[in-house]
1. For Lys170 and Ser298 in the same chain, what is the full-extension length gain: residue separation times 0.36 nm, less their Cα-Cα distance, in nm?
2. Pairs of alpha-carbon atoms within less than 8 angstrom and 6+ residues apart define the contacts here; what relative contact order does the chain have, in percent?
3. What size of dipole, in debye to the nearest 20, comes out for the chain about its Cα centre when the only charges are +1 on Lys and Arg C-beta atoms and -1 on Asp and Glu C-beta atoms?
4. Ranking request for peptides 176-187, 261-272: highest mean number of other beta-carbon atoms within 10 Å first, then the rest in descending order.
5. Using the Karplus equation 6.51 cos²θ - 1.76 cosθ + 1.60 (θ = phi - 60°), what ³J(HN,Hα) coupling, rounded to whole Hz, does each residue of the range 146-152 give in order, writing x for Gly and Pro?
6. So what is the relative contact order of the range 130-283, in percent, for Cα pairs below 8 Å that sit 6 or more residues apart?
7. Which distance in Å, rounded to a whole number, links the C-alpha centroids of the range 302-364 and the range 20-96?
8. Given the peptides 425-433, 285-293, arrange them by the average over their residues of other C-beta atoms within 10 Å, most packed first.
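The values are calculated or read from the model by the stated rules, or taken from the named source; none is laboratory data. The shown structure was predicted, so the numbers you read here are calculated from the model rather than taken from an experiment. Here the Cβ is made from the backbone with ideal geometry for all residues, glycine too, and neighbour counts use every protein chain on show. Only protein heavy atoms, including side chains, enter the accessible area calculation; ligands, DNA and RNA are left aside. Shrake-Rupley method; radii C 1.70, N 1.55, O 1.52, S 1.80 Å.
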Amino acid sequence: MTRFLLIAITAGLFTAAAYPQDIAAKADEYLKAHEKVNRFMGSVLVAKGGQVVFEKGYGFASVELNVPNTPATKFRLGSITKQFTATAIMQLQEQGKLNVSDPLCKFIDDCPEAWKPVTVHHLLTHTSGIPSYTSMPDFQQPKFKRVPLKPLDIAFLTKDKPLEFQPGEKWNYDNTGYVLLGYIVEKVSGEKYADYLRKHIFAPLDMNDSGYDDTRTLLPNRAAGYSRGPDGLRNADFLDMSLPHAAGSLYSTARDLYRWDRALYTEKVLSKKSLAVMFTPVKNDYGYGYMLAPQAGSHKHIGHGGGIDGFSTMISRFPDDDATVIVLSNVESANAGNIARGLVSMLFGLNYEIPVERKEIAVDPAILDRYVGVYKGGPLTITFTVDGGKLFTQVTGQPKFQVFPYAPDKFFLKVVDATVEFSPAGPGKATEMTLNQGSAHIVCKRAE
């Protein structure tokens, strides 16, 4: 017989929530394994049938101050922000202040000629063809990330570049498009983006622990963000929060995002008609601010992940099952999406893998020489080199990291939860390698 533990949390959704012990125990076992093996830190919430069935914090909101993460810890959301931006646009459409078919240039003075075919709909669905400013090499430089910019100045970083494709023809994830949407929200509403969301979305839903992150503001229960280096955790690079703007600037808690989940079953923030439009895939299983590809078999899924300096996040909603999984981590390499998929599989009685700690073994340096070279697969170009009897890997445009053998032809990374496998086994140069990260398995062929 399933046993229940009744707990009293805070007012509202969380009073007298029930914890089925089978899910709670399995989720805790799974997350403790991620904590031990992958150094996961963060806050997790799982809900089913209108009740929270599991919630818990892991690791530290501040490693330096030894402050633990809890369900009330505030995390930067990264691109989970986009669903709130899309909601604001749809609210303004319901008020008759804009239409998603409006051309982008209706809202911008001195609009670039190349942008004239672009509509608000194209921005919402990543089908505008406008290059993303976050893909610019300069954006990856720490000095660039410290300079505050206004929304239109951010968007104009790519204004002189040609469109990557004709609007509506293809799909390419585009942060510039969502910064432009934030600018449109401000221009049409007459309110700052942060003020608009607080007044029209967060306050009506009692999401009092959500807002626009600003490093200058004293924010109780704010998690510090971390990255993983070869020697362990370190503070993430500084990012001025004006730069992500409406593409990724918000913070929230697991509990507040569950309030958001419950509101999407109602018409508190949008009509059912507008929500249906947002939840309809256009290209690449993407709607308005939501990823809509089915998960856990054929279960209908409405969700989005986020990755931003120091943080990795995921909210996965399954409206036909009334189920929600929220994973917020203050370690940028945590792969919150992969962790969420495991919890989703658990919730629906499907197979999932518990992380196992890999132990480094000694390998003859002559064997390592078999793997040296350049491998290409899909969008990736990965180079392997040997230095001092150790094997290193480097994805083009990223730093070089050591990989550690746990079998003669299998290696793991310590900076992210990923492994690489070479084939064929035996003497001679490897002809291909497979990168395993989360649910992705990318086969790369030797190119050099």
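1. 43.6 nm
2. 16
3. 240
4. The packing order, highest mean first, is 176-187, 261-272.
5. Values, residue by residue: 9, 9, x, 9, 7, x, 5 Hz.
6. Relative CO of the range 130-283 lands at 28 percent.
7. About 10 Å separates the Cα centre of the range 302-364 from the one of the range 20-96.
8. Result, highest mean Cβ count within 10 Å first: 285-293, 425-433.
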